[in-house]
Amino acid sequence: MRRCFIVLLVVCFWGLSSAFAADLVVYSGAGLMKPMEELRTNFESKHGVTVDIHYGSSGELFGMLKMGQECDILVPGSERYTYDALHNGWIQESSIQKMVKHVPVIAVPKGNPGQIEGLQDFTRNGLKLAMGDPNSPAIGRVGRKIFKKAGIWETVKPNIDVYAPTVNQLLVYVAMEQVDGALIWGDLVTWTEAKGKSGSRFHCRTGQYHQDDSDRLDHVCQGQFLGRKIQCLYQFRVRSGDLDPVGF
Amino acid sequence: MFRPVNLFRLVLVALSFGVTGILVLAIGSFFVVADWTEVGRNLLDPTLLASLRLSLWTAATSALLVMLCALPIGLALSRYAFRGRGLVKAVVDLPVAFPELVLGLCLLLCFGKTPVGKWLAAVGLPLVFTKQGVVAAQFFTALPYAIRIMKSTYDFIDPRLEFVSRSLGYSSLQTFWNVTLPMAKSGLVAAGVISFARCLGTFGTVLILAGGSAGKTDTLPIHLYLNISYGNLSLAMTSGMVLIVVAFAAIFLFEKTEARL
């Protein structure tokens, strides 16, 4: 018994000490979890180092930095946060690399019970919608901008049942059919957890919203399928240059 | 001249002081780092006050509901042998081991677009993304703790006193009310205070079931989390301080009351 206790203590201390031994600390937007985990696995096996990734909403990551926490790499959910970090003097301009472009999409539960066929449908009475908190995750900020540009923000607001602090929470609410629709990042729709549970109908862009049909979306997926693995799996678009799938 | 040093005792006391010291340091850092002018201003912030009001009334309601259920369930588990007792005990205890987020997801699935959820919504008790949902989330998070405390309390009360009461003509209910409950008062206070504190601090369950929408379902822990997300650290820290003060006041009152009982 006594021997067991001592062995347990040693194992605990060993476990704790190895858990703290990350060589590289990354702060990443929660919506990027899937590709970041794939990058982490590839990077760790190639370079033999450990990578500790902290996920949160972009706003939360900002809060951590503001509190004096440090990271080696910051991967926020939108470009705006990168430049805010630069403005605050937390990152060096020469180190900024544009990796991918996030595409906002309308996500609806399987079967589209709310019969949402476009942005204008978000204004229909009786719909239950979820939205990212405009002050926290990047999708919240972008979503509000999209609705404002479409001139329907004030009409959509009464239909919003919940403002979620992270984009992942929006995906949970859509996949679990708790809401009729939400604006989320396109890559999230293809996450394994959401497969068969939700289907993205359209995609739209800030500033030049246009309604696409499903064929068009399929075409986009197909096109991305010809690209690198990360992009095709998660529907990210390469922003500039090639992205090394095993390098940050 | 000198008493021999009891090394075992020394290690235990040193460990107690060490861990307590770290806790005091962690809690104290909140108050040391704070800019008190900002804290004073934040204490009047309407979002913080709304969040405090919401936290206090939901935690009080949930704690009351928890106690109303924990009293009879604890008694049943302590006094009666019935088929499925082990199962009831295990299931009721389960949320203690659950991460709050898992419990939140379970409740969301149960009270969402299911017949139960639809029926509750039809009778005016929608639990998803609502203040009532905050109460439900807190209730299910705190209930197991209260049941455990009440069961232990009843376990320590000599059942022979209840037999005597029954033999002198009291019914089971009268015996519970006049004999068991007065003897269980210190456990009752402990369970009430722990439930209230647990309800006040519930985070993950509320975040998932009630949504954590600013100005609608943001209890103090959610308010703290949201303000970290907004980069408004000063307000987040003030929310934390208010939480600490309220929790400390609850524990202090408990200690005082317990001493009097």
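Listing for the model above:
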{"read-out": "Stretch gain in nm, segment B:Ser152-B:Leu49, where the contour uses 0.36 nm per residue and the Cα spacing is subtracted", "value": "33.4 nm"}
{"read-out": "Estimated translational D of chain B in µm²/s (Stokes, Kirkwood radius over Cα pairs; 25 °C; 0.890 mPa s)", "value": "118 µm²/s"}
{"read-out": "Average other protein chain Cβ within 10 Å of Cβ, residues A:54-66", "value": "4"}
{"read-out": "A:His47-B:Ala14 FRET efficiency (beta carbon distance; Förster radius 56 Å; 0.05 resolution)", "value": "0.85"}
{"read-out": "Residue exposure sequence - B:Cys110, B:Cys199 - by fewest surrounding Cβ within 10 Å", "value": "B:Cys110, B:Cys199"}
{"read-out": "Choice from B:Leu200, B:Leu120, B:Leu188 showing the highest fluctuation, given a GNM over chain B with Cα pairs closer than 10 Å", "value": "B:Leu120"}
{"read-out": "Ranked by how many other beta carbons lie within 10 Å on average, peptides B:50-60, B:79-89, B:158-168 from highest", "value": "B:50-60, B:158-168, B:79-89"}
{"read-out": "Shielding by other protein chains, A:158-164, mean Cβ within 10 Å", "value": "5"}
{"read-out": "Inter-chain Cβ neighbour average for residues B:100-109, partner chain, 10 Å", "value": "1"}
{"read-out": "Virtual spin-label span in nm between A:Glu37 and A:Asn88, 7 Å along Cα→Cβ", "value": "2.7 nm"}
{"read-out": "Chain B: calculated mean residue ellipticity at 222 nm from DSSP helix runs of at least 4, using -39500 (n - 2.57)", "value": "-25000 deg cm²/dmol"}
{"read-out": "Subset of A:Lys66/A:Lys98; A:Lys128/B:Lys113; A:Lys157/B:Lys118; B:Lys89/B:Lys151; B:Lys89/B:Lys113 violating a 18 Å alpha-carbon distance limit", "value": "A:Lys66/A:Lys98; A:Lys157/B:Lys118; B:Lys89/B:Lys113"}
{"read-out": "Point-to-point label distance, B:Val102-B:Val39, nm (Cα→Cβ direction, 7 Å offset)", "value": "3.7 nm"}
{"read-out": "In nm, spacing of pseudo-spin labels at A:Arg80 and A:Lys145 (7 Å Cα→C-beta vector)", "value": "0.5 nm"}
{"read-out": "By average C-beta atoms within 10 angstrom, highest first, the peptides B:70-76, A:54-60", "value": "A:54-60, B:70-76"}
{"read-out": "Computed FRET value (nearest 0.05) for B:Val88 with B:Val24, which takes r as the C-beta separation and R₀ as 35 Å", "value": "0.30"}
{"read-out": "Environment charge of A:Ser58, counting only residues whose C-beta is closer than 13 Å and scoring Lys/Arg +1, Asp/Glu -1", "value": "-1"}
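Values in this text are rule-based calculations from the coordinates and carry no lab data. Fair warning: this is a prediction, and the values are worked out from it, not measured in the lab. Cβ atoms come from the backbone with ideal geometry, glycine included; neighbour counts cover every protein chain shown.
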